[in-house]
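What follows is calculated from the coordinates using simple rules that are stated; it is not laboratory data. In this text, all values refer to a predicted model and were calculated from it rather than measured experimentally. As a convention, Cβ positions derive from the backbone with ideal geometry for all residues, glycine included, and neighbour counts pool all protein chains shown.
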Amino acid sequence: MRIVVLTGAGISAESGLTTFRDSGGLWEGHDPMQVATPEAYADDPGLVQRFYDARRAALSQVEPNAAHHALVRLEDALGDDLLVVTQNVDDLHEQAGSRRVHHIHGRLRSAWCTRCDERHDWHGPLADGPACPACGASGLRPDVVWFGEIPYGMDLVEQALDECDLFVSIGTSGVVYPAAAFVHWARGATLELNLEPSAGATDFAESRRGPATRLVPEWVDELLA
Ligand code: BJW
């Protein structure tokens, strides 16, 4: 059985990373358009870099939770028939041990040089304008996908959705495209696992409500039984 799992901020919430739009979420105190667009970065690079530096620092304080680990068990059973497509810029899937993970909105622990176009694994801050290890210029930005930019690897995702038997969406509000449209692109059955109904909840054939740390292990156990 070929499965595509889409994850959003909700899967990392119980690890201690705040979501974007829930109460107490990351956008509170920050207008998304002030920090998550190329225009915002051009206007005030320091503000945007500090926002992402704080999130990169927070990432080193958290660990994968039971939901991330359950997806590793599923990959151990399915191998290449499971693809995890994540909107998250954290690396908790990889820390848990997932191997087939595709980050459509980029990664916090990657820096992209706007001068030479090279990407580098990056764990420290960027606000102080460090030199690019490849070209030496001070042009590194967070390697994340902002509004108006093109998500990474959409060809691969479209093909996987077109070939899947089951599409499962976990912990995403379903308000940001293109991920919000994946439920329509998926050829197979569709399932939503979320605390609250997403914006597109009624488009899923089946929905289950609750915290990811309970729902995801339960679903994986059921599938592997
Ligand atoms: C739990 C839980 C627990 C909590 N257990 N669950 C008009 C119409 C249609 C589209 C557009 C439009 N105008 C503009 C657009 C396009 C635009 C867009 O979608 N805008 C919308 C605002 C309308 N999209 C884009 O610009 C994208 N690019 C694009 O479309 O290019 C064209 C193209 C597409 C395809 C092929 C070729 C070309 C780019 C979007 C980039 C989004 N970037 C961000 C920032 C990334 C960096 C960063 O992390 O800072 O991505 S925005 C932000 O939202 C981030 C997230 O990945 C994304 C989604 O958020 P997510 O994960 O859903 O989090 P929340 O907080 O919203 O929801 C959390 C959920 O968890 C909730 O449902 C809770 O219930 C649940 N939850 N605790 C289980 N314990």
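Label zone of VAL62 (point 7 Å out along Cα→Cβ, amide N under 19 Å): in segment 187-225 this covers 193-196, 210-217. The angle separating the long axis of helix 66-78 from the principal Cα axis of greatest extent in the chain is about 60 degrees.
Quick check on segment 1-113: take the gyration tensor over C-alpha atoms, sort the square-rooted eigenvalues as a ≥ b ≥ c, and tell me if it's rounded (a/c under 1.5), prolate or oblate. Because a/c hits 1.5 or more and a/b exceeds b/c, segment 1-113 counts as prolate. Applying a 4.7 Å Cβ-Cβ cutoff to the chain, the cysteines left without a disulfide-compatible partner are CYS164.
With both partners inside segment 82-164, how many of the DSSP beta bridges are antiparallel, as a percent to the nearest 5?
Values: 8 of 11 bridges.
Antiparallel bridges: around 75 percent, rounded to the nearest 5.
If a/c stays under 1.5 just call it rounded; otherwise compare a/b with b/c (prolate if a/b is bigger, oblate if not). Do that for segment 1-42, with a ≥ b ≥ c from the square roots of the Cα gyration tensor eigenvalues. It is oblate, given that a/c is not under 1.5 and a/b is not larger than b/c.
As a ratio to 2.2 N^0.38 Å, the alpha-carbon radius of gyration for the chain is 1.02. The value of relative contact order for the chain, using C-alpha pairs under 8 Å at least six residues apart, is 24 percent.
Taking every DSSP beta bridge that has both ends in the chain, the antiparallel portion is near 25%. Among ALA66, ALA212, ALA181, the residue with the largest mean-square fluctuation in a Gaussian network model of the chain, with springs joining Cα atoms closer than 10 Å, is ALA181. The angle between the Cα long axis of helix 45-59 and the main principal axis of the chain comes to about 50°, on a 0 to 90 degree scale. By the gyration tensor of its Cα atoms, with a ≥ b ≥ c the square roots of the eigenvalues, what is the shape of segment 123-225: rounded for a/c under 1.5, prolate for a/b over b/c, or oblate? Cα axes put segment 123-225 in the prolate bin.
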